[in-house]
Amino acid sequence: MRIDSNIILKRVDKKSILIDTFYSEDKSSQPIVIFCHGYKGFKDWGAWNLMAEYIAKAGFCFIKFNFSHNGGTINNPIDFPDLEAFGNNNYTKELDDLNDVIDWVQNHFENDSNVNVDQISLIGHSRGGGIAILKASEDNRIKKLITLASVSDFKRRTATVGDLKEWKETGVKYVLNGRTKQQMPHYYQFYQDFKTNEERLHIESAIKRLKIPILLIHGDSDTSVSLNEAKELQQWNMNCELKIIKNADHVFNTKHPWNTYNLSTKLDRVSKLIIDFANK
């Protein structure tokens, strides 16, 4: 297993992105899966590294990355040392980041016989699920889509709604990070960007357009994103396969930090479902 961590994708007039790659140098034409973390998340959160290795060992090139404005930095990609960047994040920035990551992956592995750059699947967790749905609907390079505890509507999210009058007047609102106890800023540009691009950011319309295979995975004990949101996504595209993980929470019964070398039983189940679906 070859693991390359914290590869720096430098971009002109945009913040750099950190990328991790996991793949075998003993296998040929391994399909690519690209993982998108969620709101207040990062690529090294909890058990994501273990999940990446598990899926890569099954014959995939697993890619994960930090969105450029997730609050991490190049030197400190874990947690949220750069709250100014976090406050300036928005949905269209994340779509742009994902596009640049896909471009990078195809260029990076273009002449590598170990990897099949024409077979790309997206995996998105929580808000990252919404981003993955939108990107898949816009980009025919994506052949399969997998969501984990995905949101179904950006308009309902904490980061999007609130007291608009006060938010506009002050220019910022704060959301508490329950784990780090940081007050996470959301500048008013977030709402402005959402309203400007509301049609593009409409998840229901996006998933209705999709013709590729889709797997939705959701825990029935998720208190962050209701299971009803997964059911909505399935209703909007009846080709979706929905797998409900019993007694699983929003992060499939893991936490950060995850101080064990094994996946939780729920995330192990999720990983097996991903592998089976991606191999079809």
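The values are calculated or read from the model by the stated rules, or taken from the named source; none is laboratory data. This one's a predicted model, so the numbers in the text were calculated from it and none came from an experiment. Using ideal geometry, Cβ is built from the backbone for each residue, glycine included, and neighbour counts are taken over all protein chains shown.
One table, with the values for the structure above:
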item	result
Qualifying residues in region 149-187 (those that are among the polar types (S, T, N, Q) and closer than 28 Å to Ile212 by Cβ) - the one surrounded by the most Cβ atoms within 10 Å (Cβ to Cβ)	Ser150
Of residues in region 74-107 being free of Cβ contacts under 8 Å to residues at least 12 places away in the same chain and of a type outside the set (D, E, K, R), the one surrounded by the fewest Cβ atoms within 10 Å (Cβ to Cβ)	Asn75
Any hit, region 138-148, residues being surrounded by 15 or more Cβ atoms within 10 Å (Cβ to Cβ), part of a loop (DSSP other than H, G, I, E, B) and either in contact with a Ser or Thr (Cβ under 9 Å, 6 or more places away or on another chain) or among the small types (Gly, Ala, Ser) (or both)	no
The lone exception for Gly130 - which of (1) touching a Phe, Trp or Tyr at 6+ places or on another chain (Cβ under 7 Å); (2) surrounded by fewer than 24 Cβ atoms within 10 Å (Cβ to Cβ); (3) not in a strand (DSSP E or B) it fails	(2)
Qualifying residue in region 46-56 (condition: out of contact with any helix residue (DSSP H, G or I) (no Cβ under 7 Å at 6 or more places or on another chain), assigned to a loop (DSSP other than H, G, I, E, B) and either at pLDDT 95 or above or more than 18 Å from Ile102 (Cβ to Cβ) (or both))	yes
Strands (runs of 3 or more DSSP E) (entirely within region 154-248) containing at least 2 residues that are within 26 Å of Gly72 (Cβ to Cβ) and out of contact with any Lys or Arg (no Cβ under 7 Å at 6 or more places or on another chain)	172-176, 183-187
Qualifying positions in region 1-35 - under 20 Å from Ala132 (Cβ atoms) and acidic (Asp, Glu)	Asp20
Hits in region 219-252 - residues which are on the phi > 0 side of the Ramachandran plot and either at pLDDT below 95 or surrounded by 15 or more Cβ atoms within 10 Å (Cβ to Cβ) (or both)	Phe252
Selected residue (criterion: nearest to Leu122 (Cα to Cα)) from residues of region 254-280 that are polar (S, T, N, Q) and crowded, with 18+ Cβ neighbours inside 10 Å	Ser271
Residue in region 53-76 that is farthest from Ser16 (Cα to Cα), counting only those that are among the β-branched types (Val, Ile, Thr) and out of contact with any Pro (no Cβ under 8 Å at 6 or more places or on another chain)	Ile55
Members of region 90-127 found to be outside any strand (DSSP E or B) and among the β-branched types (Val, Ile, Thr), listed by number	Thr92, Val101, Ile102, Val105
